[in-house]
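Everything below concerns the one structure shown next.
The values are calculated or read from the model by the stated rules, or taken from the named source; none is laboratory data. Keep in mind it's a predicted model, so treat the numbers as computed, not measured. Cβ: placed from backbone, ideal geometry, glycine included. Neighbour counts: every protein chain shown. Keep in mind that these areas ignore ligands, DNA and RNA; they rest on the heavy atoms of the full protein, side chains included. Shrake-Rupley method; radii C 1.70, N 1.55, O 1.52, S 1.80 Å.
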Amino acid sequence: MDNISKLFALRATSRNSVVSQEKLLPIQQQLYVETNFDAFLLNYCKKSKESSKTRLVVLSGNAGDGKSMTLYHTVSKLKEAGFTDSDLCINADATQTDSKQEDLIEKLISYFENFFIDYLNGSKKTYIIAMNAGIAVKFFYSKALKEKVGEFEDFFSEIGKLILNELNIEYSILDNNIFVEDVLVCNFDLRALTICNLPDKELDPDLHYSFFKQMIAKVNNFVDIEECKNCISGCCPIYYNLLAIRDEDIAKKIENILFKVFLYNKVHLTPRNLWDFLYMILTGGEEKYLDIKEKTQGIRDKDISPCEIVKHCSPERFSQFLFYNTLFDSASDNAVLSFIKENAYLFDPRYLNNSNFEKQKLFLNADPVKFKDKLKNEVDNFAIDNSIASRFIESAFVFDTSTIKDEEASLDKFISEFSRFYYFFYRDSRNEVELFDILYNYPNQIFNKGNYIELFDALIEDRQYFIGKKTGTFSEKFLKNGLNALLNIFGINKNQEKLFKIESLSTRAKGRLLTKLDMKLSNSPCKNKYLVNREYLESISYFPSSVTIKLNEQYIEIDLSIYELFVLCNNGYNIKSFDADKYYNIEFIGDKIFPDLKNQKKIYYDFQNNYAVFEEDEFGLNYIFREI
């Protein structure tokens, strides 16, 4: 199998992306990323066998989280350790039944009833079930369950509370729950697959060597780079992609982009969509190969490999296959790539600001042809092998000057693609120049590295608190930014009084009702979720994508988009309804604090910046407006 065919095995539509039988396929075994969680789970099951109790492990999360792969990997390791089929009771996919006639709810009822019976009998059996969060909700809230539980009604109630609580679906106090010591719920949604890579930020070892870094290492071992090196084609974009991800600095920059996606909290990163992401950026995607085959007469009707197809790639299409262009231009349905493309101004290096970088673009704009020669003469500044640098630059940057229209489009394309090349390949450490990082660079230049680190430090405090390593305290600057932003958005300062709007945001020029509100903001993470096993939480490299702060009696979740908004509002940004995302984010926060405001007794009125208080007159007989 050639290298590109191997990479095609990573895609989400490949049979290797889904576990569909009782053991992992050879490629699944080869690419399986073994983490601290695997060791924790294996040890937990071994201790279960040594104890006098039956225990249950629930692997839960979303589709593509790796539940079934983890289950089969664990079962394989347990059998190597001496477990037999009689020691285990496995349900590898709680979304499926054994036959069309079997009802899913009835199958799950039977599974849990068997667990209850063995639990009461102390059979020392270990139950493991892969059950996504949606099925858990459907099952424990189902009418059929309530009608058929019979003698185990209390047991179903207790185990349902535990599982739904651990999945952050329904909060319950579990101190007296009978299963709290013998049921382990592993919520894969809490697993961090990526982390940020900043030289001035020291991380716990399990976070630093992230799941994604291990995926990269797996790919590097999976493909035969020597096969590409010895290929007679001499100039292949896929070869350059494979060389690029072997460079530690380039791989870290790719991961930083993924971590920024994670922090926006809009796309759930899973092993499946990250493997598909790697397949896309390394190969360019299957559609490009099909298009080349269709348009190349000599190979149109032949059954040939992707590797043979790409050899017929025209010079004009070469750059379309390069990882840094696919990363920002892909039209694939991969959720990660779609989000990056939709928010190009936040991710694409073309839109980022840096003085050294802007000088390079000015030279390029003045004379693109000479600029290519300049690049070839400066290859030592870039992370690219000198022996292939000239061929790469010649192939990667094609400038068409046949017509004025072609020249303009070609120049725009050149600037865009050079910006990306420069971002990933420029050796900032060697040249002693600190380049921008997509993590904390924004076109508006207001939100900066310091603001990013304020949020990141708060996320670290949240992690340490929930894994039991610290009491957790947010920085004063982080909290102050939040408080000031809320006042700037919802209120005013009048005669040293902090007044807040009772009504929601409005773009209409009309009077507003306001009231006083004492702002009480907690300075530590809020335990608004109940997590039983902190050892498990640390083993999965738990890292939050947001922090929850308590404002008076309300909980406000702050992710990257909200914190960016806070910083913008503290620097004069005025939210308008046509700025939909920011507007609705603030509407949501407003809905959180308005209930407190509406209970206030003292009401103020603002009409075109003239303020009055609505209060009783001196005799207590009437209410009047008194100007302040």
Exercise for the section: Output yes when any residue across the range 183-201 is over 25 Å from the mean Cα position of the chain (by Cα) and assigned by the TED database to the domain that holds residue 45, and no when none is. Expected result: yes
Practice task
With the condition kept exactly as written, say whether any residue in the range 15-33 is modelled with pLDDT of 90 or more, outside any helix (DSSP H, G or I) and within 21 Å of residue 221 (Cα to Cα).
Solution key: yes
Handout entry: Residue among 387, 429 that is modelled with pLDDT under 80 and assigned to a helix (DSSP H, G or I)
Key = 387
Fill in the blank from the handout: The number of residues in the range 240-261 that are part of a helix (DSSP H, G or I) and open to solvent by 30 Å² or more (accessible area, probe 1.4 Å) is 4
Handout entry: Residue pairs meeting the criteria (Cβ under 8 Å; at least 6 apart or on separate chains; first more than 20 Å from residue 168 (Cβ to Cβ), in the range 41-70; second open to solvent by less than 10 Å² (accessible area, probe 1.4 Å) and among the acidic types (Asp, Glu))
Key = 53/182; 54/182; 55/182
Exercise for the section: Working only within the range 547-561, note down all residues that are under 19 Å from residue 441 (Cβ atoms) and either without any contact (Cβ under 8 Å) to a residue 40 or more places away in the chain or open to solvent by less than 10 Å² (accessible area, probe 1.4 Å) (or both). Expected result: 560
Handout entry: residue 179 modelled with pLDDT of 90 or more and either assigned to a loop (DSSP other than H, G, I, E, B) or over 22 Å from residue 119 (Cβ atoms) (or both)
Key = yes
Fill in the blank from the handout: Listed by first then second residue, the pairs whose first member lies in the range 346-371 and is free of Cβ contacts under 8 Å to residues at least 60 places away in the same chain, whose partner is open to solvent by 10 Å² or more (accessible area, probe 1.4 Å) and of a type in the set (Phe, Trp, Tyr), with beta carbons under 6 Å and at least 6 positions apart or on separate chains, are 368/399; 371/363
Handout entry: Only one of 229, 201, 213 that is open to solvent by 30 Å² or more (accessible area, probe 1.4 Å) and modelled with pLDDT of 90 or more
Key = 213
Exercise for the section: Determine if the range 266-273 includes at least one residue that is more than 27 Å from residue 67 (Cβ to Cβ), in contact with a helix residue (DSSP H, G or I) (Cβ under 6 Å, 6 or more places away or on another chain) and assigned to a loop (DSSP other than H, G, I, E, B). Expected result: no
Practice task
Please indicate, with yes or no, whether at least one residue in the range 117-130 is polar (S, T, N, Q), in the same structural domain as residue 44 (by the TED database) and within 25 Å of residue 188 (Cβ to Cβ).
Solution key: yes
Completion exercise
Here the qualifying pairs (Cβ atoms under 8 Å; residues six or more apart or on different chains; first in the range 380-397 and in contact (Cβ under 8 Å) with a residue 60 or more places away in the chain and open to solvent by 60 Å² or more (accessible area, probe 1.4 Å); second part of a loop (DSSP other than H, G, I, E, B) and not aromatic (Phe, Trp, Tyr)) come out as 391/234; 391/235
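Determine whether residue 129 is under 18 Å from residue 93 (Cβ atoms) and touching a helix residue (DSSP H, G or I) at 6+ places or on another chain (Cβ under 8 Å). Don't jump to the end; show me each part of the working.
Numbers: under 18 Å from residue 93 (Cβ atoms): yes; touching a helix residue (DSSP H, G or I) at 6+ places or on another chain (Cβ under 8 Å): yes.
Answer is yes for this residue.
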Practice task
Out of the residues in the range 77-108 that are modelled with pLDDT of 90 or more and open to solvent by 60 Å² or more (accessible area, probe 1.4 Å), state the one that is nearest to residue 167 (Cα to Cα).
Solution key: 90
Completion exercise
Taking the range 290-307 and the residues there that are touching a residue at least 40 places away in the same chain (Cβ under 8 Å) and not in a loop (DSSP other than H, G, I, E, B), the one that is farthest from residue 237 (Cα to Cα) would be 306
